[in-house]
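Shown next, in structure tokens, is the structure this report addresses.
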Amino acid sequence: MIIHEITEECFKKYGKVIDSIDLTELVSTMQTVEIPADVVYEPSISALEKLKCATELQQKTYGELPIQIGWCIGNNHKLNAVEYHRCSEVNIAATDAILILGRQQDISVENTYDTSLMEAFMIPSGTAVELYATTLHYAPCNASDGGFLVAVVLPKGTNEAWNIHTPAEKMLFLQLKTNGLSDILKVDFLRDHT
């Protein structure tokens, strides 16, 4: 897989670089965290949400809507699922990291997705990117043997646990299937929104 730079034209369909906010304090705070062997995602980390840049992120990237700042940290060398949100997600790399991205528009009418359409991008340490709501993504991948540290900014309440009471309320789940030479991601939407 080719690993593109976020400065390349092909990144523009997935997101944009955010360079108008000083994220030095957030990056240095993240760099004090021990990188676990596996991937760990925490949607809200109080210490990150109290940093000076949190107010600026809320104002400049989410129009003053309440936000949460968490992290996705660890070691990862594969794509085993994809997700998208109904809003943009901001990723702030505290180490170099690789994001594998696709487009929601490419999910078929059968709710399958051909992962060969995805593209990989190197996010340099200290860089913030906004991933558009239609961007398929999941946990970052290692850019080096040491793992990755990425802060994740989303509207408050995103990725919180659902109260599931009936089988019809099952959470969105993803199952990777192999179909010939290409990997197909079957995306089943089981939550009844009516």
Which of LYS78/LYS156; LYS52/LYS156; LYS16/LYS60; LYS16/LYS50 exceed 22 Å between C-alpha atoms? The answer is LYS78/LYS156; LYS16/LYS50
Solvent-accessible area per residue, Å², over the range 24-147 with all protein chains present [probe radius 1.4 Å]: 46 Å²
Heavy atoms only, probe 1.4 Å: what % of the accessible area of the range 79-147 goes to carbon and sulfur, would you let me know? 46 percent
R0 of 35 Å, Cβ-Cβ distance LYS50-HIS77: FRET efficiency to nearest 0.05: 0.60
Using DSSP to define loop residues, name the trypsin sites (Lys or Arg not before Pro) in the range 1-92 whose beta-carbon has at most 16 other beta-carbon atoms within 10 Å. LYS12, LYS13, LYS50, LYS78, ARG86
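Counting each pair of different Cα atoms once, what's the Kirkwood radius of the range 80-120 in Å, rounded to one decimal?
12.1 Å
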Looking at the range 108-139, which GluC sites (Glu not before Pro) are in a loop (DSSP not H, G, I, E or B) and have at most 11 other Cβ atoms within 10 Å? GLU110
When a/c reaches 1.5 or more, the comparison of a/b and b/c decides; with that in mind, is the range 1-132 rounded, prolate or oblate per its Cα gyration tensor? prolate
Estimated D of the range 88-162 in µm² per second, where Rh is the Kirkwood radius over Cα pairs and Stokes-Einstein applies at 25 °C, 0.890 mPa s: 183 µm²/s
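The values are calculated or read from the model by the stated rules, or taken from the named source; none is laboratory data. Because the structure is predicted, anything quoted here is derived from the model rather than measured. For neighbour counting, all protein chains shown are included, and Cβ atoms are generated from backbone atoms with ideal geometry for every residue, glycine included. Surface areas here come from the heavy atoms of the whole protein model, side chains and all, with no ligands, DNA or RNA. Shrake-Rupley method; radii C 1.70, N 1.55, O 1.52, S 1.80 Å.
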